[in-house]
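Q: I am attaching a structure below and will ask some questions about it afterwards.
The values are calculated or read from the model by the stated rules, or taken from the named source; none is laboratory data. Given the structure is predicted, the values throughout are model-derived calculations rather than measurements. Positions of Cβ are backbone-derived with ideal geometry, glycine not excepted, and every protein chain shown enters the neighbour counts.
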Amino acid sequence: MLGKSPMKIPTNRIASEQGLGEADLNNIEVIGDVPVVDDFKWPPNITGSLDRIPPSIARGLMKLFWSRPAIDKKVCTNCKTCVKSCPVDALIENTPIPEFEYGECINCLCCMEMCPEKAVYEEKSRLSRLISRFA
Ligand code: SF4
Ligand code: SF4
């Protein structure tokens, strides 16, 4: 639908390698016409570029390329909406603001969407900021 081979999408490819679902279009019966979305805007292709380098080096690079939610202390009212919205309990109540357990966070950014004060923002690593500038 979006004009890319499903196996070029890292999450699809890895799920397929782990036997989760069917990724081979030859084994999927399509009923009716497949709609084509030709104006879909893809995010910067950092993971696609990493496909071309050895996995051990790619893993090392990915440690330097990250983004995660963070809370602006000056804006947060500690209403706890984000804590209640997190699907994996990666935010815990604290004072003066909730605290992230980044090891649990799946980066879904529900906390960012639900915050009534817009106090949650995306914090990016230096490499991530650098790449975004050129993407
Ligand atoms: S939802 Fe926003 S304002 Fe409320 S506690 Fe979370 S970050 Fe703070
Ligand atoms: S990004 Fe998602 S998983 Fe991470 S703390 Fe926010 S709501 Fe929870």
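Q: Among the residues of region 64-110, write down those that are within 10 Å of ligand 1 (Cβ to nearest atom), among the small types (Gly, Ala, Ser) and under 27 Å from residue 130 (Cα atoms).
A: Matches in region 64-110: 70 only.
Q: Also, I was wondering about something else. Right, residue 128: touching a strand residue (DSSP E or B) at 6+ places or on another chain (Cβ under 6 Å), in a helix (DSSP H, G or I) and under 14 Å from residue 66 (Cα atoms) or not? Break it down stepwise before answering.
A: Numbers: touching a strand residue (DSSP E or B) at 6+ places or on another chain (Cβ under 6 Å): yes; in a helix (DSSP H, G or I): yes; under 14 Å from residue 66 (Cα atoms): yes.
Answer is yes for this residue.
Q: Give region 88-103 a look and list any residue that's charged (D, E, K, R) and part of a loop (DSSP other than H, G, I, E, B), or say none. Before you say what the answer is, go through the steps one by one.
A: Step one: of region 88-103, the residues charged (D, E, K, R) are 89, 93, 99, 101.
Those that are charged (D, E, K, R) and part of a loop (DSSP other than H, G, I, E, B): 89, 93, 101.
Q: Return a yes/no flag: does region 98-114 have any residue that is of a type outside the set (D, E, K, R), more than 18 Å from the chain's Cα centre (by Cα) and more than 10 Å from ligand 2 (Cβ to nearest atom). Step through it out loud before you land on a result.
A: The first filter runs over region 98-114 and keeps only residues of a type outside the set (D, E, K, R), leaving 98, 100, 102-103, 105-112, 114.
Imposing the further condition that a residue be more than 18 Å from the chain's Cα centre (by Cα) reduces the set to 98.
Of the ones still in play, those that are also more than 10 Å from ligand 2 (Cβ to nearest atom) are none.
There is no residue in region 98-114 that is of a type outside the set (D, E, K, R), more than 18 Å from the chain's Cα centre (by Cα) and more than 10 Å from ligand 2 (Cβ to nearest atom).
Q: So, one more: Quick check on region 42-63. Is at least one of its residues more than 16 Å from ligand 1 (Cβ to nearest atom), modelled with pLDDT of 85 or more and in contact with a Ser or Thr (Cβ under 9 Å, 6 or more places away or on another chain)?
A: We begin by selecting, within region 42-63, every residue more than 16 Å from ligand 1 (Cβ to nearest atom); these are 42-63.
Next, only the ones that are modelled with pLDDT of 85 or more stay: none.
No, every residue in region 42-63 fails to be more than 16 Å from ligand 1 (Cβ to nearest atom), modelled with pLDDT of 85 or more and in contact with a Ser or Thr (Cβ under 9 Å, 6 or more places away or on another chain).
Q: Testing residue 82 on (1) near ligand 2 (Cβ under 9 Å from one of its atoms); (2) under 20 Å from residue 127 (Cα atoms); (3) not in a loop (DSSP other than H, G, I, E, B), one condition comes back false. Which one is that?
A: In the conditions (1) near ligand 2 (Cβ under 9 Å from one of its atoms); (2) under 20 Å from residue 127 (Cα atoms); (3) not in a loop (DSSP other than H, G, I, E, B), residue 82 misses (2) alone.
Q: Also: Of all the residues that make up region 102-135, how many are at positive phi and surrounded by 14 or more Cβ atoms within 10 Å (Cβ to Cβ)? Quick ask: steps written out before the conclusion?
A: Going through region 102-135, the residues at positive phi turn out to be 107, 109, 118.
So of that shortlist, the ones also surrounded by 14 or more Cβ atoms within 10 Å (Cβ to Cβ) come out as 109.
Selection size over region 102-135: 1.
Q: Under 9 Å between Cβ atoms, which residue pairs at least 6 apart in sequence (or on different chains) link something in region 104-119 that is over 18 Å from residue 74 (Cα atoms) and in a loop (DSSP other than H, G, I, E, B) with a partner that is β-branched (Val, Ile, Thr) and within 12 Å of ligand 1 (Cβ to nearest atom)?
A: Cβ pairs passing all conditions: 109/120.
Q: Among the residues of region 55-79, how many are in a loop (DSSP other than H, G, I, E, B) and surrounded by 12 or more Cβ atoms within 10 Å (Cβ to Cβ)?
A: Going residue by residue through region 55-79, those that are in a loop (DSSP other than H, G, I, E, B) are 65-66, 72-79.
Narrowing further to those that are surrounded by 12 or more Cβ atoms within 10 Å (Cβ to Cβ): 65-66, 72, 75-79.
Number satisfying all stated conditions: 8.
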